Every structure is written in structure tokens, then in C-alpha cells.
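I have placed the structure first, in the form of C-alpha cells, so that the comments after it can refer back to it.
The values are calculated or read from the model by the stated rules, or taken from the named source; none is laboratory data. If you're wondering where the values come from, they're calculated on a predicted model, not measured in any experiment. Neighbour counts run over all protein chains shown; Cβ positions are idealised from the backbone, glycine included. With ligands, DNA and RNA removed, areas are computed over all heavy atoms of the protein, side chains included. Shrake-Rupley method; radii C 1.70, N 1.55, O 1.52, S 1.80 Å.
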Amino acid sequence: MLTPSDLRVSRKQALGLFALGTVGLLSACSQGQDSLASQADAGDAKGYIAGDGSVTEYAQGERGQPVEFEGELFDGSVVRASELRGKPVLINFWYAGCAPCRAEAPWLNELYESYGQKVIFYGANVRDEKGTAEAFEKKFGVAYPSFRDLNGKVLLAMSKYVPAQAVPTTVVLDAEGRVAARILGQIDKSVLKTLLEDQISA
């Protein structure tokens, strides 16, 4: 039987292997840039800054206050962050024209199917109008709702953790509504699964 110590080692090994596997490999949207800063300074007007899939976890004492926002979903309903307390929350920032967003959509769907009863899932679309976003969701079978975040309210609430225009980025909130983890760039399904399970069992 695995002891808690064994589980911690296994988890560290999994994240370590992921980190090794992503060294030097940028997402499809990065076009060879080696950092967020260099992309921001490039002035190529491509409209986004792509991450490299790096994973950041925040210890309990580093999480600060619960995030606060009020966002409108594409169906017109309004959701407040304060209403989401009690369960972990996953928020994925995306838009339809982003190649890594399309690539990771099936993995997010699979995780939603596995954990949708234990974790609250939301997308946050930072660019598209309703028709474009809904076409993407239909094409990729996305079953969880998305915020229409053209005004940046949801993004602004997590600006300490999500660089402006960094797409895709996936944030995991703990049950108290604090940022517990962030993946900057296209997700690795197994790593995100581990992050979700950490919060479910916390």
C-alpha cells in the first residue's frame, strides 16, 4: 500500500517529468519566442502572448485573498466568484482563433467528464463574440459554460497570476476561491489532473 510519503514523491516525479519534457518546447502560438517579455516587446501585433506550458503551484500561505469578480456568461446569466466557494474551480482563458486552445479543448472536455461533479469548470473567452465562441464550443463539444470576458473583468481579478493576453492560461482555485495553481500555455492533461485531484482531496 502506498504511504502519504510515496504519494508525494510520485506527484513530484510526475511534475518533474512534465517540466523536463517541456523544456525548450513552446506552444504552437509562440512562433519561437522564448519568454512572455520577448513576445510582448516584439510588436508583431499577433494579438496574444503564448505560454510554454509551465506549471506554478501556490502553497497555502502564498494564496492571498479569494479572487473576486462578476462575469457574464454567453447565455446572459451573471456569475459572481463568491457564489463558487465550497468546491475547487477551474477557469480556462481561451479564444477560438488560438491554436493551443483548440488543441487542448478535447483534454479539458475529458477532465470535465471525469471531475465535473467535484470541480466547477468555466471558460473565459477574452476575444470572441457570441457566435464565434458558440461555434467553437459546438465544434469541440465543450459542455461547460464560458464567460464573455471582452471587458476583462475575470482576467483582471486574476491579473497577479495571469499575464495580460496570455492565452491559453488555466487557473485552479481552491475551495476558498484562492488561486492554487496556474498553467501558462497549453495544458498537459495528466498534470492538470494531478492539480485537480490535489484540490479535491485538500
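Exactly one residue out of GLY86, GLY64 is modelled with pLDDT of 95 or more, farther than 30 Å from ALA103 by Cβ and open to solvent by less than 80 Å² (accessible area, probe 1.4 Å): that is GLY86. Can you name the residue in the stretch 154-199 that is basic (Lys, Arg) and touching a helix residue (DSSP H, G or I) at 6+ places or on another chain (Cβ under 8 Å) and, of all such residues, is farthest from GLU104 (Cα to Cα)? Once the filter is applied, the top-ranked residue is LYS193.
Quick one: which strands (runs of 3 or more DSSP E) lie wholly within the stretch 77-155 and hold at least 1 residues that are of a type in the set (A, V, I, L, M)? I'd like the intermediate steps shown before the answer.
Working: elements: 78-80, 89-94, 120-125, 146-148.
Filter on the stretch 77-155 gives 78-80, 89-94, 120-125.
The residue of the stretch 178-202 that is farthest from PHE93 (Cα to Cα), among those that are outside any helix (DSSP H, G or I) and open to solvent by 40 Å² or more (accessible area, probe 1.4 Å), is ALA202. Filtering ALA175, ALA124, ALA105 for residues that are within 14 Å of the chain's Cα centre (by Cα), over 17 Å from ASP75 (Cβ atoms), surrounded by 14 or more Cβ atoms within 10 Å (Cβ to Cβ) and in contact (Cβ under 8 Å) with a residue 24 or more places away in the chain leaves a single hit, ALA105. Residues that are outside any strand (DSSP E or B), of a type in the set (A, V, I, L, M) and in contact (Cβ under 8 Å) with a residue 40 or more places away in the chain within the stretch 59-76 comprise just one, VAL67.
Condition check: surrounded by fewer than 17 Cβ atoms within 10 Å (Cβ to Cβ), at positive phi and over 12 Å from the mean Cα position of the chain (by Cα). Does GLY141 satisfy that?
Details: surrounded by fewer than 17 Cβ atoms within 10 Å (Cβ to Cβ): yes; at positive phi: yes; over 12 Å from the mean Cα position of the chain (by Cα): yes.
Judged against the criteria, GLY141 is a match.
Looking only at the stretch 149-172, residues that are open to solvent by 30 Å² or more (accessible area, probe 1.4 Å) and among the polar types (S, T, N, Q) come to 3 in all. Checking the stretch 130-138 against the condition returns a match, with at least one residue being among the acidic types (Asp, Glu), under 22 Å from TYR112 (Cα atoms) and open to solvent by 70 Å² or more (accessible area, probe 1.4 Å).
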